[in-house]
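As structure tokens, the structure follows; a few thoughts come after it.
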Amino acid sequence: MGVNWTEEQKKVIDVRNKDILVSAAAGSGKTAVLVERILSLVCGDKEEDTPVDVDRLLVVTFTNAAAAEMRERISAAIAKRLESEPDNGHLQKQATLIHNAQITTIDSFCMFVIRNNFNDIGLDPGFRVADEGELRLLKQDVMKELLEDEKAGREEALER
């Protein structure tokens, strides 16, 4: 039994040779539509399609939970397709490649790009991202320094 997609959902699934951004309300089926689109691309479901390796796609979500869910659903969809096509070498390969696929949040993807290109952008390879506590302390230190500089500037102006 197949899913009855809306016209808008079908467009997202079927559009080719374009990057897409899907924005819709919670519970509208975004994840299911994107999984179907990815499966269609990976399997080469349309006549004009050449199957794409899943690790050649970039899938960006807003949360780690959404990225994990997307990876899990894509993996399950590939596994389900493999059940009906057990001798399909391309699908077998995709089941392996899914673990290396870029299904991630925007900040995790940016970190991946930076970590893999630190030398090209002149960044110390030992860089790290501060945690929330460190950021709070840094903000307090900066604010204190700014206020002290402002106070010193006013006192200097009064002395003139």
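Brief remarks follow.
- Residues in segment 52-61 that are open to solvent by 60 Å² or more (accessible area, probe 1.4 Å) and either in contact (Cβ under 8 Å) with a residue 60 or more places away in the chain or outside any strand (DSSP E or B) (or both): ARG56 only.
- Checked against (1) open to solvent by 70 Å² or more (accessible area, probe 1.4 Å); (2) on the phi > 0 side of the Ramachandran plot, ALA65 passes all but a single condition, namely (2).
- Screening ALA130, ALA79 for residues that are open to solvent by less than 100 Å² (accessible area, probe 1.4 Å), within 30 Å of VAL35 (Cα to Cα) and out of contact with any strand residue (DSSP E or B) (no Cβ under 7 Å at 6 or more places or on another chain) leaves exactly one candidate, ALA79.
- Any hit, segment 137-144, residues being touching a residue at least 40 places away in the same chain (Cβ under 8 Å), out of contact with any Lys or Arg (no Cβ under 6 Å at 6 or more places or on another chain) and in a helix (DSSP H, G or I): no
- Scanning segment 12-51 for residues that are of a type in the set (A, V, I, L, M, F, W, C), open to solvent by 60 Å² or more (accessible area, probe 1.4 Å) and in contact with a helix residue (DSSP H, G or I) (Cβ under 9 Å, 6 or more places away or on another chain) yields a single hit, ILE20.
- Every pair of residues 6+ apart whose Cβ atoms lie under 7 Å, when the first sits in segment 100-119 and is under 18 Å from PHE62 (Cβ atoms) while the second is open to solvent by 50 Å² or more (accessible area, probe 1.4 Å) and in a loop (DSSP other than H, G, I, E, B): THR105/PHE62; THR105/THR63
The values are calculated or read from the model by the stated rules, or taken from the named source; none is laboratory data. Not measured: the values here are computed from a predicted model. Because the Cβ atoms are built from the backbone with ideal geometry, glycine has one as well, and the counts that use them run over all protein chains shown. In case anyone asks, the SASA skips ligands and DNA or RNA and just uses the protein heavy atoms, side chains included. Shrake-Rupley method; radii C 1.70, N 1.55, O 1.52, S 1.80 Å.
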